[in-house]
Amino acid sequence: MQSPGFLPQTSNNQLENQYNNFLRIANVSDISGLRSLSTSAIQAANSVAVWESAWGTFNFGPAVDGNFVPAMPGKLLLDGQFDSSLKIMVGE
């Protein structure tokens, strides 16, 4: 695969900082404020956030949440916690 699905996240603090930075860019104070924005306003804030991100990253991507993503993919693979019926994995 060309790009990793999961960028390294050094800590929950890093994720919180990204969230707070996005709130700042969008000029809102919480998730409710983000939900009230138009699609074009979210897209504009996303463009700025990506532009401000470190070279080679985009700030946003999947993160371990304990529910939908219970652990890092490498750990899940190591522990055999994956869909074993999958026969082929492709990427473009």
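The magnitude of the dipole of the chain, with charges of +1 and -1 set on the Cβ of Lys/Arg and Asp/Glu and taken from the Cα centre, is near 60 debye. Loop-located chymotrypsin sites (Phe, Trp or Tyr not before Pro) in the chain (DSSP state other than H, G, I, E, B) with a sparse environment of at most 11 neighbouring Cβ atoms within 10 Å: Trp55, Phe68, Phe82.
By how many degrees, between 0 and 90 and to the nearest 10, does the Cα long axis of helix 39-52 differ from the longest principal axis of the chain? The answer is roughly 80 degrees. Helix 12-26 and the longest principal axis of the Cα set of the chain meet at an angle near 40°.
Taking Rg and Dmax of the Cα atoms in Å as calculated from this structure, the corresponding entry among [x] 12.1, 36; [y] 16.2, 46; [z] 27.7, 73 is [y].
Every read-out reported here was derived from the displayed coordinates using simple, explicitly stated rules and does not represent laboratory data. Just so we're clear, the structure is a prediction, and the values are computed from it rather than from any experiment. Backbone-built Cβ (ideal geometry, glycine too); neighbour counts: all protein chains shown.
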